[in-house]
Amino acid sequence: MKKSKTVPWSYKKGSSVLHKLPAGIKLLFLLGLSLAAFFPGTETLSLIILGCIALIVFSLSLIARIRPHSLLRGSGPLLLVILAVFLLRALEFSPIGLNFDGLLESLIFCVRIGTAFAAGSLLFAVTTSTEIRKSLSALEAFFHLEKFKLSLSLSMMLGFIPALFQIWEDLDLAWKSRDGKKTLSCMATLVPLLIEKMMEKAVETAEAMESRGALL
């Protein structure tokens, strides 16, 4: 079975204007879009804000020559879990029925997650981890906060997001190669393995950084 060419939240080489922008500007702007997706307000206001954010992300993805729908790759399981949880909350048992207000709330929340996910995916598609780390280091130096090593911590934390998707893609490929199906048993088997491998990666990274004197 062939490995998928597109890993969620992975960097995609390019020479677009968005690729060439300073990492700090992209980080602040797309982070701001992600936070704006959760701006509190009425349902109508929320839908207007989410529509504007989606339009901005869509336009930026075209500028970066990235297919807009590819930004949502990997978000399916997350959105399904969130929707399932909210659907259960929308159920009423006395009398039996469905709270449509709660259902609409759940759908809006899924759209919030989706737009924030797409914005984050776009950031990592046009910005390398090295660029993010250098940008954070410059900001840290500007405020004379080098001793706290915040840039190192934040860049490592951000770097673990694409690593998580890479590991998940590898596990999913291995599952499919053994004729595994997309069922609950798939999630029950792969999620613990994902957690285990992420913990192993965290330990390996910490040991590597400590050996280089980066951790105190």
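The values are calculated or read from the model by the stated rules, or taken from the named source; none is laboratory data. For clarity, every value in this text was computed on a predicted model and none was experimentally measured. All Cβ positions, even for glycine, are placed from backbone atoms using ideal geometry, and neighbour counts span all protein chains on display.
Take Lys20 and decide whether it is surrounded by fewer than 12 Cβ atoms within 10 Å (Cβ to Cβ), of a type in the set (D, E, K, R) and modelled with pLDDT of 90 or more.
Taking the combined requirement at face value, the residue satisfies it.
Residue check: is Thr128 modelled with pLDDT of 85 or more and either over 21 Å from the mean Cα position of the chain (by Cα) or within 21 Å of Lys201 (Cβ to Cβ) (or both)?
Values: modelled with pLDDT of 85 or more: yes; either over 21 Å from the mean Cα position of the chain (by Cα) or within 21 Å of Lys201 (Cβ to Cβ) (or both): yes.
Answer is yes for this residue.
Quick check on segment 52-76: of everything there that is under 17 Å from Ile108 (Cα atoms) and surrounded by fewer than 17 Cβ atoms within 10 Å (Cβ to Cβ), which residue is nearest to the chain's Cα centre (by Cα)?
Leu72
Considering only residues that are buried (at least 19 other Cβ atoms within 10 Å of the Cβ) and of a type outside the set (A, V, I, L, M, F, W, C), which ones fall in segment 132-154?
Ser135, Ser151, listed by residue number.
Under 9 Å between Cβ atoms, at least 6 apart or on separate chains: pull out the pairs that start in segment 177-197 with a residue that is assigned by TED's automatic domain parsing to the domain that holds Ala163 and end on any residue that is among the hydroxyl-bearing types (Ser, Thr, Tyr).
Gly180/Thr189
Could you tell me how many of the residues in segment 182-206 are polar (S, T, N, Q), farther than 19 Å from Met157 by Cβ and surrounded by 13 or more Cβ atoms within 10 Å (Cβ to Cβ)?
Number of matching residues: 1.
Mind counting the residues in segment 36-78 that are in contact (Cβ under 8 Å) with a residue 60 or more places away in the chain and either farther than 18 Å from Leu18 by Cα or part of a helix (DSSP H, G or I) (or both)?
Selection size over segment 36-78: 16.
Exactly one condition in (1) at pLDDT below 75; (2) outside any helix (DSSP H, G or I); (3) not hydroxyl-bearing (Ser, Thr, Tyr) is not met by Lys181; state its number.
The failed condition is (1).
If you take the residues of segment 147-157 that are out of contact with any helix residue (DSSP H, G or I) (no Cβ under 6 Å at 6 or more places or on another chain) and in a helix (DSSP H, G or I), which of them is farthest from Leu78 (Cα to Cα)?
Per the stated criteria, the residue is Lys147.
Only one of (1) at pLDDT below 90; (2) surrounded by 14 or more Cβ atoms within 10 Å (Cβ to Cβ) is not met by Glu43, so which one is it?
Result: Glu43 passes all but (2).
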